[in-house]
């Protein structure tokens with residue numbers, strides 16, 4: 001490698017400080033202006049009053065937080081927790097056995113099986129939701145199947161079940177990958193030892209495999225729950241506006257009702273819930 | 001290892017669940033009838049329709065402009081940031097701040113930027129989306145480049161500095177060539193993420209322009225036609241090819257590295 005030598009009378013410490021500045025300043029400035037300032041704005045808007053046509057009036061109020069505890073909004077929060085929780089639970093029940101079996105496949109098949117899990121994730125998010133309209137709607141495929149079996153068609157679209165399905169479909173790969181990583185690095189000798197000592201396959205799973213993969217389970221659950229909980233696109237496309245989640249409320253407050261302060265307060269509530277979960281995950285990871 | 005046959009039920013269920021909608025989507029895109037639900041016969045007319053749709057083509061061009069702009073920003077700033085964080089500071093706080101955009105819910109970043117653009121009274125358009133996408137794309141580039149950097153040999157850089165090269169020269173002649181594969185991977189990731197991004201674009205684009213995901217979103221809300229299926233099939237083909245080519249390239253790269 002050709003390295004040109006330009007001897008310059010620069011003291012090492014000054015060079016170091018200059019280097020730190022040249023490399024860190026552009027990116028950090030960008031992050032301060034377009035990330036930290038916007039987030040600080042969201043935080044500060046929570047204590048101000050709404051403007052008449054959007055925007056904000058800088059007069060202090062605690063009303064936004066009081067409104068958060070209105071039963072109407074609490075029930076939306078509850079629905080969001082329930083829907084995101086269900087999607088996460090089903091993702092875990094499907095994802096764990098899948099990741100477990102992928103981890104035992106021969107090397108070549110392992111790669112193919114993993115790529116096949118990730119592949120749908122790289123297609124457009126809106127289109128993945130759209131696919132379920134075609135499957136679930138009145139004249140859609142699922143109902144045609146039911147009718148072929150001589151059953152009555154049912155309304156599958158525009159309800160909570162459709163929203164859970166859409167979220168599950170969107171984020172299932174994010175459950176399988178961390179689970180696979182956790183299961184893959186388990187020492188197979190541990191399971192063999194357990195089996196040799198007379199434990200049944202189920203006992204080995206319960207006492208050896210599962211406890212050792214808890215951090216992977218937590219990560220996977222977080223990866224599915226976080227984007228599900230704050231989602232507004234899937235509930236809108238597959239819930240037909242009937243199933244409102246926190247994300248839908250925030251969207252409405254910002255783009256339709258033009259109550260930016262209350263929208264910000266809802267966003268803060270969303271972050272608070274997610275932060276609690278992140279802390280819980282960090283706590284479990286440290287104990288494991 | 002004994003494996004319960006029962007485990008294969010959720011295993012196959014996962015794959016069927018992931019691929020059944022895609023198969024239906026693609027099959028219906030070749031429908032000669034007007035419905036996206038009942039297949040009547042083979043036809044390519046929806047693909048012809050697609051190519052003639054100006055709104056979709058405009059959306060596609062806008063999406064490519066946004067993805068290119070934000071990738072350039074993210075790649076330059078993200079690479080510098082990664083080097084700065086790895087070699088020029090030990091601050092854990094700066095490390096964490098650089099990762100925030102990657103873990104923050106997109107909706108929160110979207111409304112934050114909407115408030116910010118409103119405060120500085122910026123007229124919304126493609127460039128406000130480019131700046132917005134730059135934020136999270138930079139976090140991903142920085143993360144990918146840092147991974148590459150941790151495998152790079154820091155003593156080469158020290159040698160360069162000992163020989164009297166300044167930080168910028170060392171970066172240009174020693175660090176950058178070592179990082180090139182990581183930078184390319186980060187840029188590709190940034191580009192793909194921007195192509196697909198909907199929520200932040202939806203909030204920060206204003207009323208005069210639309211990116212492709214926003215066009216698709218408004219089409220879906222209008223009604224279901226096989227034209228959307230044709231568009232979906234084309235996009236699927238593009239992303240599947242990209243993923244498989246990417247996979248091949250890493251494999252070739254790995255086997256070269258072993259030689």
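The values are calculated or read from the model by the stated rules, or taken from the named source; none is laboratory data. Worth saying up front: this structure is predicted, and the values here are computed from it rather than measured. Every residue, glycine as well, gets a Cβ built from its backbone with ideal geometry; the counts of neighbours run over all protein chains shown.
For the range B:194-207, which residues satisfy the criterion of being more than 10 Å from every other protein chain (Cβ to nearest Cβ) and surrounded by fewer than 20 Cβ atoms within 10 Å (Cβ to Cβ)?
Correct list: B:206, B:207.
Yes or no, residue by residue, for (1) within 12 Å of chain B (Cβ to nearest Cβ); (2) surrounded by fewer than 23 Cβ atoms within 10 Å (Cβ to Cβ); (3) touching a strand residue (DSSP E or B) at 6+ places or on another chain (Cβ under 7 Å):
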{"residue": "A:234", "(1), (2), (3)": "yes, no, no"}
{"residue": "A:238", "(1), (2), (3)": "yes, no, no"}
{"residue": "A:241", "(1), (2), (3)": "yes, yes, no"}
{"residue": "A:249", "(1), (2), (3)": "yes, no, no"}
{"residue": "A:274", "(1), (2), (3)": "yes, yes, no"}
{"residue": "A:285", "(1), (2), (3)": "no, yes, no"}
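What residue, of B:175, B:169, is at pLDDT below 90, over 26 Å from residue B:66 (Cβ atoms), within 12 Å of chain A (Cβ to nearest Cβ) and surrounded by 19 or more Cβ atoms within 10 Å (Cβ to Cβ)?
Criteria check complete, one pass: B:175.
Which ones in the range B:208-225 are touching a residue at least 12 places away in the same chain (Cβ under 8 Å), more than 10 Å from every other protein chain (Cβ to nearest Cβ) and either over 14 Å from residue B:30 (Cα atoms) or buried (at least 22 other Cβ atoms within 10 Å of the Cβ) (or both)?
Residues satisfying the conditions are B:208, B:209, B:210, B:211.
Take the residues in the range B:129-166 that are over 19 Å from residue B:183 (Cα atoms) and outside any helix (DSSP H, G or I), then tell me which one is modelled with the highest pLDDT.
Here the residue is B:163.
I'm checking my understanding of the structure. Among residues of the range A:45-74 that are part of a strand (DSSP E or B) and without any contact (Cβ under 8 Å) to a residue 12 or more places away in the chain, which one is farthest from residue A:255 (Cα to Cα)?
A:59
Test residue B:81 against the stated conditions and say whether it is in a helix (DSSP H, G or I) and under 17 Å from the mean Cα position of the chain (by Cα).
no
From (1) part of a helix (DSSP H, G or I); (2) at the interface with another protein chain (Cβ under 7 Å from one of its Cβ atoms), pick out the condition that doesn't hold for residue A:143.
That leaves (2) as the condition not met.
Identify, please: which residue in the range B:108-129 is within 11 Å of another protein chain (Cβ to nearest Cβ) and within 17 Å of the chain's Cα centre (by Cα) and is, among those, surrounded by the most Cβ atoms within 10 Å (Cβ to Cβ)?
Residue satisfying both the conditions and the ranking: B:110.
Quick check: is even one residue across the range B:65-75 more than 20 Å from residue B:187 (Cβ to Cβ), more than 8 Å from every other protein chain (Cβ to nearest Cβ) and without any contact (Cβ under 8 Å) to a residue 24 or more places away in the chain?
No, the conditions are met nowhere in the range B:65-75.
Kindly indicate whether any position in the range A:5-25 is part of a helix (DSSP H, G or I) and modelled with pLDDT of 90 or more.
yes
Could you pull out the residue among B:22, B:56 that is surrounded by 15 or more Cβ atoms within 10 Å (Cβ to Cβ), touching a residue at least 24 places away in the same chain (Cβ under 8 Å) and under 30 Å from residue A:97 (Cα atoms)?
B:22
Checking residue A:202 against (1) within 10 Å of chain B (Cβ to nearest Cβ); (2) within 26 Å of residue B:101 (Cα to Cα); (3) in a helix (DSSP H, G or I), only one condition comes out false. Which one?
(2)
For the range B:29-53, how many residues are assigned to a helix (DSSP H, G or I) and free of Cβ contacts under 8 Å to residues at least 40 places away in the same chain?
The number of residues fulfilling the criteria is 3.
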